[in-house]
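To start, the structure itself, in structure tokens.
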Amino acid sequence: MKRIKSLALFCGSSEGIDIRYRKAAEEMGDLFYHHQVTMVYGGGNRGLMGIAAERLYTNGGRVIGVLPEVLDRSDVRLRTVEERLIIAPTMHERKARMYELSDGFIAMPGGVGTFEEILEVFTWLQLGLHSKAVALLNTAGFYEPLVAFLHHAHEQGFIKAELLDALIIEEEPARLLERIDAFSVQLGDKLS
């Protein structure tokens with residue numbers, strides 16, 4: 001990757017039921033290492049986030065975890081990356097710090113927290129608060145219902161086509177990273 005130095009990875013604090021989610025998290029850790037991309041993530045040791053971070057760190061890559069004080073516990077922290085762990089006072093400050101440290105954003109399969117994080121940065125892209133890539137890793141079709149809903153919102157006049165076109169959606173981690181690296185967007189004025 002030529003331009004991207006760091007990416008925020010939003011994903012589940014559990015592994016889900018499909019083994020393909022785990023494999024995608026492992027592959028993402030390997031790709032970050034291969035492309036020398038720093039992973040900025042939620043700092044936990046559980047689920048897909050722990051798998052991806054541990055894989056990257058074990059390979060010798062750079063991982064930055066950002067935990068809110070409320071989750072700063074030894075049973076949550078990924079021990080191997082504690083020297084690169086930032087403790088934020090609140091969840092809001094945690095997200096702001098993650099966004100600041102990242103050149104783009106990826107959501108892998110996850111739950112409510114993952115959805116909230118990726119939709120917030122997608123909203124910020126719409127508002128022109130950043131011009132960074134926002135991407136969904138659609139492992140095993142996980143994000144198909146969300147993508148269908150976003151298209152429904154577009155059809156109903158709530159989301160502009162140019163914003164939908166800016167959202168990167170890929171099933172293969174390597175292709176996702178290629179598209180993020182090539183990302184460039186100029187959105188119209190949302191406020192007009």
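Every number here is computed from the coordinates shown, using simple stated rules; none is lab data. Just so it is clear, the structure is predicted and the values come from calculations on it, not from any experiment. Glycine also receives a Cβ, built like all others from the backbone with ideal geometry; neighbour counts cover every protein chain displayed.
For Cα pairs less than 8 Å apart in space and 6+ apart in sequence, what is the mean separation divided by the residue count of the chain, i.e. the relative contact order in percent?
On the way: 348 pairs, mean separation 43.1, N = 192.
Worked out over the chain, it gives 22 percent.
Once you list every other residue whose beta carbon is under 9 Å from the beta carbon of residue 103, what net charge do they have if Lys and Arg are +1 and Asp and Glu are -1?
Residues near residue 103 contribute +3 overall.
Would you kindly state how much longer the chain becomes between residue 149 and residue 165 on full extension, computed as 0.36 nm times their sequence separation minus their alpha carbon distance, in nm to one decimal?
4.3 nm
When the Debye formula is applied to the Cα atoms of segment 116-192, each taken as the same point scatterer, what base-10 log of I(q)/I(0) results at q = 0.13, 0.18, 0.22, 0.23 Å⁻¹?
These q points yield log10 I(q)/I(0) values of -0.39, -0.75, -1.11, -1.20.
What is segment 105-173's relative contact order, in percent, from Cα pairs under 8 angstrom and six or more apart in sequence?
36 percent
Highest mean first, how do 29-41, 152-164, 46-58, 90-102 rank when packing is the count of other Cβ atoms within 10 Å averaged over residues?
Top to bottom by mean Cβ count within 10 Å: 46-58, 29-41, 90-102, 152-164.
Just need log10 I(q)/I(0) for segment 86-157 at q = 0.17, 0.21, 0.26, 0.29 Å⁻¹, Debye formula, equal scatterers on the alpha-carbon atoms, no solvent, rounded to two decimals.
-0.71, -1.02, -1.31, -1.40
Among residues other than residue 93 whose Cβ falls under 12 Å from its Cβ, what is the net charge (Lys/Arg +1, Asp/Glu -1)?
+1
How large is the convex hull of the Cα atoms of the chain per residue, expressed in Å³ as a whole number?
It comes to 109 Å³ per residue, whole-number rounded.
Given the Cα-Cα distance of residue 130 and residue 184 and 0.36 nm per residue of separation, how much length would full extension add, in nm?
That works out to 18.3 nm of additional length.
Before rounding to the nearest 500, sum -39500 (n - 2.57) across all DSSP H runs of length at least 4 in the chain and divide by the residue total; then give [θ] at 222 nm in deg cm²/dmol.
One gets -13500 deg cm²/dmol as the mean residue ellipticity at 222 nm.
Of the listed pairs 132/160; 95/160; 23/132; 23/95, which have alpha-carbon separations greater than 20 Å here?
Table pairs above 20 Å Cα-Cα are 95/160; 23/132; 23/95.
With the chain treated as a Gaussian network of Cα nodes joined by springs under 10 Å, which of 26, 178, 117 yields the largest mean-square fluctuation?
178
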